[in-house]
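A.B. asks: Sharing a structure below in structure tokens format, with a few things to ask.
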Amino acid sequence: MKLRVNLLNNPYDIVIDRHSLAETGQWARQLWQPQKVALITDNHVGALYAEKVKLSLEDAGFEVVVFDFLEGEASKNLTTVDKAYKFLVQHSLTRSDGIVALGGGVVGDLAGFVASTYMRGLHFLQIPTSLTAQVDSSIGGKTGVNTAFAKNMVGTFAQPDGVLIDPETLKTLGERELIEGMGEVIKYALIADPELWQDLSNMDGSVHSILEHAEMIIYRSCNVKRETVVEDEFDNGRRLYLNFGHTIGHAVEATAGYGQIMHGEAVAIGMVQMARAAAKKGLMPDGLTEDIIAMCQKFGLPVAYEPWETDKLYDVLKHDKKARGKSIKTVIVPELGSAAINQMPLEEMKEYLER
């Protein structure tokens, strides 16, 4: 299966194909001339797949060096970025060379950031191996790293030359790592795809059902992301809808300590909290809040987090990228399959954090 992200300046394809990891070299050769390539991954994914991808790229005529770092959200920072820069310098990568990101969302975000900033920009490819990365973070060109102040506070917009998704990699994820990706999938269904919501409703919520329906889940989610990015590449309008659950979710991730709560788990918590608060204000239907809770719980996602410290969460929210002066743009779902921007005074966000 293939989806075209038809951007004006840098169109590219999302390829979804089982067992395609072993064909990485042939895929890359269709996009790039033979050159030096830095394969960026983490220690866990690298142990599973780096050699296979490296050999495939080398067989296609690429010269490959591998940079890996300690897995986890706690490594997605400027310290790791600096180590990557040093690695690229040591291996003499130039602006005619490329970077391949192999891993989950942390790897993709960090590798994309490194690619877009080293020597003012190298071209790069995304090979996402987690469900969260396959349905969301590998697509659309957002790169970024965390700081002590907020998640993804430092970043760029930089589109890849292609995205290769092999659903077989989901089989090597831990149960928690697979399930957390469903937070983003449920979000897509809520904001833009009632048919996907119905498909999810028909599933039993088990790990087996996620793996069995992986192509459908990935394709439909990617299609929503693709359409949104093409319409609003730089996050000025419709693309903000993709942040449903994220404003509060990012604050949860930051206050809990990066890596303690996974991204998709935080998104689920954020969606539930936003829905409850918006329903109290008459901005979302009560019934939809209960449906969101039930769907998240069916797939094993958390819908609450303790300790819930409103003041700490609010302090983080003040640094959110969607804050503008003394106001902030949040996302609500007035009805299943549609989303809307709800701009409010930043101070009012305290009410949305009340339990």
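The values are calculated or read from the model by the stated rules, or taken from the named source; none is laboratory data. Predicted model only: the values in this text are computed from it and were never measured. Here Cβ is always computed from backbone atoms with ideal geometry, including for glycine, and neighbour counts include all displayed protein chains.
A.B. asks: Across region 78-95, which residue is nearest to residue 154 (Cα to Cα) among those that are surrounded by fewer than 18 Cβ atoms within 10 Å (Cβ to Cβ) and in contact (Cβ under 8 Å) with a residue 24 or more places away in the chain?
C.D. replies: It comes out as 78.
A.B. asks: In region 139-157, how many are assigned to a loop (DSSP other than H, G, I, E, B) and farther than 18 Å from residue 256 by Cβ?
C.D. replies: Number of matching residues: 3.
A.B. asks: From (1) under 11 Å from the mean Cα position of the chain (by Cα); (2) outside the structural domain of residue 264 (by TED's automatic domain parsing), pick out the condition that doesn't hold for residue 184.
C.D. replies: (2)
A.B. asks: Please state which of the following conditions residue 179 fails to meet, knowing it meets all the rest: (1) part of a loop (DSSP other than H, G, I, E, B); (2) in the same structural domain as residue 300 (by TED's automatic domain parsing).
C.D. replies: Among (1) part of a loop (DSSP other than H, G, I, E, B); (2) in the same structural domain as residue 300 (by TED's automatic domain parsing), the lone unmet condition for residue 179 is (1).
Table: residues versus (1) under 25 Å from residue 166 (Cα atoms); (2) surrounded by fewer than 18 Cβ atoms within 10 Å (Cβ to Cβ); (3) not basic (Lys, Arg).
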site	(1), (2), (3)
196	yes, no, yes
211	yes, yes, yes
219	yes, no, yes
241	no, no, yes
270	no, no, yes
292	no, no, yes
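A.B. asks: Could you please find all residues in region 119-138 being outside any loop (DSSP other than H, G, I, E, B) and either buried (at least 22 other Cβ atoms within 10 Å of the Cβ) or within 13 Å of the chain's Cα centre (by Cα) (or both)? Full working, then the answer.
C.D. replies: The initial filter retains those residues of region 119-138 that are outside any loop (DSSP other than H, G, I, E, B), namely 119-120, 123-128, 131-137.
Result: 124, 125, 126, 127, 128, 131, 132, 133, 134, 135, 136, 137.
A.B. asks: Kindly establish whether residue 168 is within 26 Å of residue 300 (Cβ to Cβ) and without any contact (Cβ under 8 Å) to a residue 40 or more places away in the chain.
C.D. replies: Judged against the criteria, residue 168 is not a match.
A.B. asks: In addition: Could you tell me which numbered condition residue 165 fails, if it satisfies all but one of (1) surrounded by 20 or more Cβ atoms within 10 Å (Cβ to Cβ); (2) among the hydrophobic types (A, V, I, L, M, F, W, C); (3) out of contact with any strand residue (DSSP E or B) (no Cβ under 9 Å at 6 or more places or on another chain)?
C.D. replies: (3)
A.B. asks: Could you tell me which numbered condition residue 140 fails, if it satisfies all but one of (1) touching a Lys or Arg at 6+ places or on another chain (Cβ under 9 Å); (2) more than 23 Å from residue 8 (Cα to Cα); (3) modelled with pLDDT under 95?
C.D. replies: The one condition residue 140 does not meet is (2).
A.B. asks: Condition (residue is surrounded by 19 or more Cβ atoms within 10 Å (Cβ to Cβ), touching a Gly at 6+ places or on another chain (Cβ under 6 Å) and assigned to a helix (DSSP H, G or I)) applied to region 227-237: is it met by at least one residue?
C.D. replies: Yes; the residues of region 227-237 include at least one that is surrounded by 19 or more Cβ atoms within 10 Å (Cβ to Cβ), touching a Gly at 6+ places or on another chain (Cβ under 6 Å) and assigned to a helix (DSSP H, G or I).
A.B. asks: Which of the residues belonging to region 307-339 are assigned to a strand (DSSP E or B) and either in contact with a helix residue (DSSP H, G or I) (Cβ under 8 Å, 6 or more places away or on another chain) or not assigned by TED's automatic domain parsing to the domain that holds residue 248 (or both)?
C.D. replies: 323, 327, 328, 329, 330, 331, 332, 333, 335, 338, 339
A.B. asks: Name the residues in region 38-77 that are assigned to a helix (DSSP H, G or I), at pLDDT below 95 and surrounded by fewer than 20 Cβ atoms within 10 Å (Cβ to Cβ), would you?
C.D. replies: 74 - this is the single residue of region 38-77 that is assigned to a helix (DSSP H, G or I), at pLDDT below 95 and surrounded by fewer than 20 Cβ atoms within 10 Å (Cβ to Cβ).
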